[in-house]
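J.: First the structure, which I've put down as structure tokens, then a few questions once you've had a look.
The values are calculated or read from the model by the stated rules, or taken from the named source; none is laboratory data. Here the structure is a predicted model, which means the values were calculated and not measured. Note: ideal-geometry Cβ built from the backbone for every residue, glycine included; neighbour counts use all protein chains shown. Surface areas here come from the heavy atoms of the whole protein model, side chains and all, with no ligands, DNA or RNA. Shrake-Rupley method; radii C 1.70, N 1.55, O 1.52, S 1.80 Å.
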Amino acid sequence: MATSDNPDKGDSHIPGEVSRADAGTFNGKHILLAVSSGIAAYKTPYLVRGLRAAGAEVEIILTANAHRFVSPMALQAVSGRSVRQDLWDEEAEAAMGHIELAKWADVVLIAPATANTLAKLAGGLADDLLSTVCLATEAPVVLAPAMNQRMYRHPATQQNLRTLDDQGYHVIGPDSGDQACGDTGPGRMTEPEDIMLQLEAFVAPALQAGLLTGKKVLVTTGPTVEAIDPVRFISNHSSGLQGLAIAEAARLAGAEVTLVAGPGVADCHAGIHRLDVRTAEEMYNAVHANLSGVSLFVGVAAVADYRPKQAAEQKIKRSGEAGASMHIELTENPDIIASVAKAAERPAVVVGFAAETNNTHAHASDKRLRKGLDAIVLNDVSDPTIGFNSSNNAATLIYAQGEVVFPRQSKQQLANSLIGQIPEIFAQQLAGTNPASMTK
Ligand code: C5P
């Protein structure tokens with residue numbers, strides 16, 4: 001064997017595509033996967049695919065011999081990032097230094113964690129990239145041990161696991177069963193899909209768990225599309241990512257979340273009640289049908305302000321004359337958020353978004369007042385590195401008594417910050433809006 005860390009057999013179960021059921025579970029989460037050298041490393045590309053399908057960004061570290069069990073190229077392909085194998089790699093360090101990497105991670109997952117890796121971590125060594133990052137990070141570190149059953153049972157390994165537990169490391173598995181060496185017993189790495197299920201619990205508490213417990217939150221996101229004819233439409237640029245991230249942050253903060261999503265918005269967590277719509281009118285109807293008992297409404301959708309007065313039943317043909325012009329009569333769509341702010345069942349807190357290109361602060365403040373909103377989140381969309389289809393955003397939350405500036409960060413981080421701030425700023429308005437205690 002190339003390594004003394006004797007692995008699980010694995011060939012009794014070839015993992016398939018890791019379940020996509022919980023797409024959105026890890027939206028925007030930074031997961032640092034460290035792969036140490038055991039045969040179970042061959043399962044890590046499945047793990048990376050599953051994590052990414054669930055919305056995570058994944059950086060990967062390999063220990064010195066891990067490439068013998070899994071190809072760095074395969075991991076690079078599935079993670080979409082280059083794989084780091086050396087603490088002393090100048091190029092990689094220049095891109096993101098190891099301390100930066102330790103800070104970047106929301107959670108560090110070591111899978112497989114070999115007996116040697118456990119021993120090094122228990123001893124606090126820092127002689128390679130994995131062990132150095134583990135000492136430097138403030139993120140939870142989750143271990144998925146994998147080794148021969150006798151190595152696992154050895155008092156030294158058991159002592160190391162107790163030490164790691166005392167130091168705050170978290171352990172998933174190992175499973176018991178047939179092993180590659182022919183032995184049977186504990187030491188098989190937990191299957192990727194089960195690692196993912198357990199990992200969620202370590203990621204979620206980093207958010208504002210409990211802040212919105214018992215509250216109903218309604219979020220709109222994405223564009224609306226308004227038909228001109230059966231093949232053409234009017235719409236806005238919008239990926240829906242920011243609204244998805246807000247719905248997810250609210251869910252993790254304990255809220256009962258309904259998401260009204262326009263076309264093309266990515267999957268969300270199964271725990272979010274999602275309604276898919278196409279037009280502004282459909283969005284308006286879905287919102288008003290679900291307004292009862294809502295404490296917080298966040299309108300992130302880029303709603304088309306106008307729609308063709310009459311959509312043509314057949315595809316409109318070219319006139320054939322060069323330079324000919326054509327006219328489409330437009331009619332104004334309902335302003336959904338303004339109608340929510342005026343509704344008899346007005347949520348305690350109504351928050352809008354303003355994507356502005358010029359005179360941004362004045363336009364956003366004016367919009368807040370005109371629409372009757374408690375707060376507005378200003379996006380400067382003239383900066384191409386944020387907003388629209390980017391995964392980053394920067395914003396200013398403007399409300400009657402002040403404002404909060406959120407510098408450039410991932411949309412999920414921004415959503416977490418907003419959902420962290422809103423219950424604090426509007427504590428009085430939100431108090432006593434628990435739908436469970438409401439009579440209607
Ligand atoms: O007026 P403007 O579209 O810039 O306003 C942006 C805010 O208003 C966002 O919160 C957006 O979701 C909401 N909006 C709406 N219905 C419309 C237009 C905008 O809810 N028809």
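J.: Inspect region 318-334 for any residue being within 16 Å of the ligand (Cβ to nearest atom) and in contact with a Ser or Thr (Cβ under 8 Å, 6 or more places away or on another chain) and give the result as yes or no.
T.: Within region 318-334, one or more residues are within 16 Å of the ligand (Cβ to nearest atom) and in contact with a Ser or Thr (Cβ under 8 Å, 6 or more places away or on another chain).
J.: Considering each residue of region 250-273, count those that are touching a helix residue (DSSP H, G or I) at 6+ places or on another chain (Cβ under 6 Å), open to solvent by 20 Å² or more (accessible area, probe 1.4 Å) and closer than 20 Å to Leu291 by Cα, and give that number.
T.: 1
J.: At least 1 residues that are modelled with pLDDT under 95 in each: list the helices (runs of 4 or more DSSP H) lying fully within region 132-244 that qualify.
T.: Ranges flagged: 155-166, 192-203.
J.: Then there is this: Out of all the residues in region 95-121, which are within 20 Å of Ile172 (Cα to Cα) and more than 23 Å from the chain's Cα centre (by Cα)?
T.: Those that are within 20 Å of Ile172 (Cα to Cα) and more than 23 Å from the chain's Cα centre (by Cα): Pro112, Ala113, Thr114, Ala115, Asn116, Thr117, Leu118, Ala119, Lys120, Leu121.
J.: Which numbered condition in (1) within 16 Å of the ligand (Cβ to nearest atom); (2) surrounded by 15 or more Cβ atoms within 10 Å (Cβ to Cβ) is the only one that Gly293 fails?
T.: Here Gly293 meets the rest and fails (1).
J.: Being open to solvent by 40 Å² or more (accessible area, probe 1.4 Å) and within 11 Å of the ligand (Cβ to nearest atom) is the filter here, so list the residues in region 335-352 that pass it.
T.: Selection gives Asp335 alone.
J.: If you don't mind, there's one more thing I want to ask. Tell me, please, whether a residue that is within 16 Å of the ligand (Cβ to nearest atom), over 30 Å from Gly420 (Cβ atoms) and not in a loop (DSSP other than H, G, I, E, B) can be found in region 358-367.
T.: Scanning region 358-367, I find no residue that is within 16 Å of the ligand (Cβ to nearest atom), over 30 Å from Gly420 (Cβ atoms) and not in a loop (DSSP other than H, G, I, E, B), so the answer is no.
J.: Shifting gears a bit: How many residues are open to solvent by less than 80 Å² (accessible area, probe 1.4 Å), of a type in the set (A, V, I, L, M, F, W, C) and under 28 Å from the mean Cα position of the chain (by Cα) if we restrict to region 67-76?
T.: So the answer is 3.
J.: May I pose another question? Here is a list of conditions, (1) more than 29 Å from the chain's Cα centre (by Cα); (2) open to solvent by 10 Å² or more (accessible area, probe 1.4 Å); (3) touching a residue at least 12 places away in the same chain (Cβ under 8 Å), and Gly124 meets all of them except one; can you say which number that is?
T.: Going through the list (1) more than 29 Å from the chain's Cα centre (by Cα); (2) open to solvent by 10 Å² or more (accessible area, probe 1.4 Å); (3) touching a residue at least 12 places away in the same chain (Cβ under 8 Å), Gly124 breaks only (3).
J.: One residue is enough: does region 112-123 have a residue meeting the conditions in a helix (DSSP H, G or I) and in contact with a Lys or Arg (Cβ under 9 Å, 6 or more places away or on another chain)?
T.: Yes, because at least one residue in region 112-123 is in a helix (DSSP H, G or I) and in contact with a Lys or Arg (Cβ under 9 Å, 6 or more places away or on another chain).
J.: Which members of region 262-290 meet the condition of being within 16 Å of the ligand (Cβ to nearest atom) and either β-branched (Val, Ile, Thr) or in contact (Cβ under 8 Å) with a residue 60 or more places away in the chain (or both)?
T.: Scanning region 262-290 gives Val265, Val277, Thr279, Met283, Val287, Asn290.
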